[in-house]
């Protein structure tokens, strides 16, 4: 990407984030349609006791409204059926994530199992309710690379660019065993990002691009953390074994088995005639 394109991209990103913050404060209510409703229903579907129907249609109808009321009841909120900021805070309480390893300066050998580690802190007063109330506990572990970015006013700090979704985990597991796959090249500018909230839904669904839904609360930055510094991935990349020869051998065995089976069948028929 050349300098001019990066500058344009930086400006576009600033505008998008500004618009996103404004949209995130909007309410959702019955009769509404759109992607934010679709994403809300995907979350409600995670709690069958609240949304047993589990329909993901993008339309905020009576069933969705009833599910929101049940959610608000569990959260001890007014049962309005309207998704406001207080309702979102019930599903997405403020969570502080801190990446512990790798956190900068490490050299990771791709031929060894690596252990990604993190810490979690939740907002005061929520701990006793974690098992009782709806709470989006999924976290996304992603690999990113730091790349140089040119701003209108230089210098500009490197930006994190998404490389690969590593795993979706329980936020409170605080550790994940990672085998670096051959499609990840060696390099010295990697960081790990761990995040939670509705914005990780595209990754859970197997999509390669991250699209931040407008439903995410305005405090979503609180729910993510990256390695403080970059780390290095090294080691010999193991090529995939050539399976063509094995397939050829098995094919020949299969043909021989077919011939043996036919001969056995013929022999049985001859013995039957002798009887």
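Throughout, read-outs are computed from the coordinates displayed, never taken from laboratory work. Note that the structure is predicted; figures quoted are calculated from it, not measured. Glycine gets a Cβ as well: all are built from the backbone with ideal geometry, and neighbour counts include every protein chain shown.
What's the exposure ranking of 266, 193, going from fewest to most Cβ atoms within 10 Å?
266, 193
Order these peptides, 228-234, 66-72, by their mean beta-carbon neighbour count within 10 angstrom, highest first.
Result, highest mean first: 66-72, 228-234.
Extending each Cα 7 Å along its Cβ direction at residue 121 and residue 151, get the distance between those two points in nm, one decimal.
So the label points at residue 121 and residue 151 sit 2.7 nm apart.
If you stretched the chain out fully between residue 80 and residue 269, how much longer would it get, using 0.36 nm times the residue separation minus the C-alpha to C-alpha distance?
So the extension gain works out to 60.1 nm.
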